[in-house]
Amino acid sequence: MDSTVSKKVTMISYIISITFIIAMITASVMLKDHEIILPEVAAMAIAMWVYREAGWIRQPSKIFLAPSITAVIGFAVNQLHISYLGKVSLTLILLMLFLRIIQSNLGPSIATGLLPVVTNANEWSFIISVFIFTFILMLGVLKFGLIKDLKRK
Amino acid sequence: MKIQYKYMLVFLVLIFVWMGLCWLAGYPLAVIPPILVVVYESLQKPMYNGKMAFKQGLVLTISATVGTLLYFAIDSWILATLLDMILMLILLRIVGIRVPAVYAFPLLPFVFPDHIVAMLPLGSLITCVFLFTSVLAYKKMEMKRSRKVMQM
């Protein structure tokens, strides 16, 4: 654990992150729509809000942009009439090109891009959900000044 | 740390080889998103060793297993998720490694069809063994090469 982040802060960060993850599941149960659940949001909440992973939060706007756009890419490819393996291959290539172009290294956006293909997502709720949850993740990083901690190091 | 774009290509080649092998074997579960994220991030790491590869495969396989078991055992998704998250926190503390993808894995059963969910634990084990062994082999080769260059 970083010495700059106290034990108490870490505990609170865990509680906020896990509450956020549970809120996503609760929303999906209440709306009876499992496409709202994005497993990678759980990983991002812990990595960004608790671990404050430098590589993931350094460019806050991309916390929202990268996973959202890769989700749109995967969603669009999934609508094509090609084989499953074709969809996965095309999605992977497009994801790498996209991350290269925006110069991002945000690994989880690979998962949000592949998810619509792997689970065959066809509802717009999937896209809306990615937008909302990654936006909250970004706000969390900005609001709690997690970047400032990073600069001080 | 600078982003090494060549690893994007290495990543693509590695995943395509794995998908090809799965296709030849008639195995349907080649692409498990959280594992691919960890593979991608491991390729970007300047240092990588067998101990890390083993720990990553271990925590990911355990998280897949716990997630699948709780999904079938508990009717309430909210309760299952709460237990999943607490167990993952304990798991990572015990093993002593930070792998955020471990928190994503137990949520996969909620989005996958049930017949695929039942395959997740074994599927994760097989996928982890192949992919992390390959990443380790690649990183070892890379370190050997850079050492040779330095000696010259």
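Given the protein assembly as shown reduced to its alpha-carbon atoms as identical point scatterers, what log10 I(q)/I(0) does the Debye formula return at q = 0.07, 0.09, 0.13, 0.15 Å⁻¹? Result of the Debye calculation: -0.25, -0.41, -0.91, -1.26. Each Lys and Arg Cβ is given +1 and each Asp and Glu Cβ -1; about its Cα centre, chain A then shows a dipole of about 700 debye. Shielding by partners for peptide B:89-99, expressed as the average number of C-beta atoms from other protein chains within 10 Å of each residue's C-beta, is 1. Rounded to the nearest 20 debye, the dipole size of the protein assembly as shown about its Cα centre is 1760 debye, using +1 on the Cβ of Lys and Arg and -1 on the Cβ of Asp and Glu.
For chain A, the fraction of 1.4 Å probe accessible surface lying on carbon and sulfur atoms is 68 percent.
Set the Cα radius of gyration of chain A against 2.2 N^0.38 Å, with N its number of residues, and you get 1.08.
For the cross-link pairs B:K6/B:K55; B:K51/B:K140; B:K6/B:K144, the ones whose C-alpha atoms lie over 21 Å apart are B:K6/B:K55. Between A and B, roughly 3700 Å² of accessible area is buried in total, ligands, DNA and RNA not counted and the probe set to 1.4 Å.
Look at the stretch B:11-22: the mean tally of other chain Cβ atoms within 10 Å of its residues' Cβ atoms is 2. Once the 1.4 Å probe is applied to the protein heavy atoms, the protein assembly as shown comes out at 47 Å² accessible per residue. On a 0 to 90 degree scale, rounded to 10, what angle separates helix A:124-143 from the longest Cα axis of chain A? Relative to chain A, helix A:124-143 is tipped by roughly 20 degrees. For the stretch B:6-144, the Cβ-based charge dipole about the Cα centre amounts to some 720 debye (Lys, Arg positive; Asp, Glu negative; other atoms uncharged). Hydropathy at least 0.5 by Kyte-Doolittle, axial extent at least 24 angstrom from the Cα trace: which helices of chain B, defined as entire DSSP H runs, fit? Qualifying helices: B:6-25, B:50-73, B:77-95.
The convex hull around the C-alpha trace of chain B, projected and averaged over every direction, spans 10.2 square nanometres. Look at where the Cα atoms of the stretch B:4-30 and of the stretch A:41-117 average out, and the two centres are 17 Å apart. Farthest towards the positive end of the charge dipole of the stretch B:1-85, among the residues B:Y71, B:I32, B:V13, is the Cα of B:V13, using unit charges on the Cβ of Lys, Arg, Asp and Glu.
Inter-chain neighbour count for A:45-58: the average number of beta-carbon atoms from partner chains within 10 Å of each residue's beta-carbon is 3.
The angle between the Cα long axis of helix A:7-31 and the longest principal axis of the Cα atoms of chain A comes to about 30 degrees, rounded to the nearest 10. Pairs of Lys residues in chain A are counted when their Cα atoms are under 18 angstrom apart and they lie 8 or more places apart or on different chains; the count is 5. Among the chymotrypsin sites (Phe, Trp or Tyr not before Pro) found in the stretch B:1-77, those both in a DSSP coil and sparsely packed, with 16 or fewer other Cβ atoms within 10 Å of their Cβ, are B:Y5.
The values are calculated or read from the model by the stated rules, or taken from the named source; none is laboratory data. In this text the structure is predicted, and so the values were computed from the model without any measurement. Heads up, the Cβs are rebuilt from the backbone with ideal geometry, glycines too, and the neighbour counts pull from every protein chain shown. Remember, those area values only see protein heavy atoms, side chains included, never the ligands or the DNA or RNA. Shrake-Rupley method; radii C 1.70, N 1.55, O 1.52, S 1.80 Å.
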